[in-house]
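Structure first, then comments.
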Amino acid sequence: MPDGSPARTIHDIPGLIAAGLARADDRVTLEEVAARYAVALTPAVTALIDPADPSDPIAAQYVPHPDERVTAPDEHPDPIADEALSPVTGIVHRYPDRALLKPLLACPVYCRFCFRREQVGPEGGVLSEAELDAALGYIAARPAIREVILTGGDPLMLSVRRLRALLDVLERIPHVDTLRIHTRVPVADPSLITDALAGALITDKALWLLVHVNHARELSPSARAALTRLVARGIPLLSQSVLLAGVNDSEAALEALCRALIAARVKPHYLHMLDFAPGTRRFRVPVARARALHRGLRGRLPGHAIPTLILDIPGGHGKVPAGESHLARAGDGWVATDPLGVSHAYPENDRSGG
């Protein structure tokens with residue numbers, strides 16, 4: 001930010017240029033990007049960016065890039081088929097036992113790799129009262145749904161009153177055992193994690209919070225304070241991260257991220273392969289490299305600090321682990337590969353004897 005200017009969320013290209021986060025020479029092409037995809041950088045995120053570093057990993061996640069104008073042949077505006085699996089507005093029902101509830105489509109920031117980038121934006125607003133009633137009615141009418149995942153958009157952008165009212169309704173649905181919230185707020189706008197909001201998340205049913213974090217630097221002192229506020233209320237925290245070229249695609253960056261998460265009392269959960277959203281090709285990490293990076297974490301981190309490498313099969317076919325196996329069949333036995341890549345014989349684990 002220029003000296004003396006007040007901290008504010010940047011929503012436009014002139015604001016990014018004035019803050020030194022985008023080049024004036026790129027204004028025309030970046031305006032084309034902003035006309036299609038939402039832009040927002042909070043003061044908390046802006047403070048993490050080094051404008052002098054053209055390869056800054058925080059800027060890469062949030063600052064628009066001219067390449068976003070180009071859609072590759074294998075990219076799709078709805079890469080994991082949310083729309084096809086949406087029986088009513090605000091619901092995505094992909095698996096029998098759980099459903100996504102999207103109460104709003106606004107976020108504190110807009111990630112340049114987001115798989116919902118065609119849907120989210122500041123104008124996304126919240127579901128109308130009728131739409132929310134229909135979505136909740138869909139869940140209540142289906143006993144097979146055991147878990148409801150609040151996503152969007154970012155559910156923690158809701159007012160404390162709205163959020164609490166929504167959780168109250170979900171708590172009263174007998175067959176819903178577990179609630180989950182996916183959010184970027186603790187790192188993107190930690191000031192929103194007030195004591196009142198943390199208190200609103202206390203529920204009789206199990207509630208898990210998944211925080212989206214991609215780089216260790218995102219866990220700033222204010223972000224860690226926000227997470228501590230949640231932990232103090234007994235809310236279990238998991239993370240989900242996306243493997244992104246130019247952001248975290250090295251063993252050192254991933255190790256630093258996982259160690260920072262554990263230090264903040266957040267269990268690393270998922271490391272996602274990039275979904276094929278339009279204009280995101282520059283972030284791709286090839287599968288072989290992703291597997292090698294993930295395998296390398298095994299020798300650098302304790303087991304509880306290693307996330308599962310996961311991919312969402314395009315077309316809405318669900319998530320599956322994408323990592324390399326450390327155990328492979330070899331004749332009548334097996335071969336186990338250690339963290340250094342060395343293979344060792346491992347006998348068949350069969351009680352029938354021999």
Which members of region 11-26 meet the condition of being among the charged types (D, E, K, R) and surrounded by fewer than 14 Cβ atoms within 10 Å (Cβ to Cβ)?
Asp12, Arg23, Asp25
Name every residue in region 271-297 that is in a loop (DSSP other than H, G, I, E, B) and surrounded by 17 or more Cβ atoms within 10 Å (Cβ to Cβ), in order of residue number.
Met273, Leu274, Asp275, Phe276, Ala277, Pro278, Gly279, Thr280, Arg284, Val285
Test Arg164 against the stated conditions and say whether it is at pLDDT 95 or above and either within 30 Å of Arg282 (Cα to Cα) or charged (D, E, K, R) (or both).
yes
Of the residues in region 43-84 that are among the aliphatic types (A, V, I, L, M) and over 20 Å from the mean Cα position of the chain (by Cα), the one that is nearest to Arg184 (Cα to Cα) is Ala47
Would you point out which residue out of Val109, Val88 is more than 24 Å from His215 (Cβ to Cβ) and part of a loop (DSSP other than H, G, I, E, B)?
Val88
Could you run through region 126-141 and say how many residues are exposed (fewer than 15 other Cβ atoms within 10 Å of the Cβ) and either farther than 16 Å from Asp168 by Cβ or not assigned by TED's automatic domain parsing to the domain that holds Thr178 (or both)?
3
Qualifying position, being part of a strand (DSSP E or B) and aliphatic (A, V, I, L, M), among Leu238, Leu261, Leu340
Leu238
Within region 245-256, can one find any residue that is assigned by TED's automatic domain parsing to the domain that holds Val285, in a strand (DSSP E or B), touching a residue at least 24 places away in the same chain (Cβ under 8 Å) and among the hydrophobic types (A, V, I, L, M, F, W, C)?
no
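Residue-wise test of (1) hydroxyl-bearing (Ser, Thr, Tyr); (2) buried (at least 22 other Cβ atoms within 10 Å of the Cβ); (3) more than 30 Å from Asp338 (Cβ to Cβ).
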| site | (1), (2), (3) |
| --- | --- |
| His215 | no, yes, no |
| Ala226 | no, yes, yes |
| Ser250 | yes, no, no |
| Gly303 | no, no, no |
May I ask you to say which residue of Arg284, Arg300 is within 16 Å of Val242 (Cα to Cα), in contact (Cβ under 8 Å) with a residue 24 or more places away in the chain and of a type outside the set (Asp, Glu)?
Arg284
Being under 19 Å from the mean Cα position of the chain (by Cα) and small (Gly, Ala, Ser) is the filter; apply it to region 199-221 and report the residue that is farthest from Arg161 (Cα to Cα).
Ala216
How many residues, within region 26-42, are among the hydrophobic types (A, V, I, L, M, F, W, C), farther than 19 Å from Val185 by Cα, out of contact with any Pro (no Cβ under 6 Å at 6 or more places or on another chain) and touching a residue at least 40 places away in the same chain (Cβ under 8 Å)?
0
Do you know which residues across region 143-169 are under 15 Å from Ala99 (Cβ atoms) and free of Cβ contacts under 8 Å to residues at least 40 places away in the same chain?
Pro143, Val169
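The values are calculated or read from the model by the stated rules, or taken from the named source; none is laboratory data. Computed from a prediction, not measured in an experiment: that's the story for all the values here. Neighbour counts run over all protein chains shown; Cβ positions are idealised from the backbone, glycine included.
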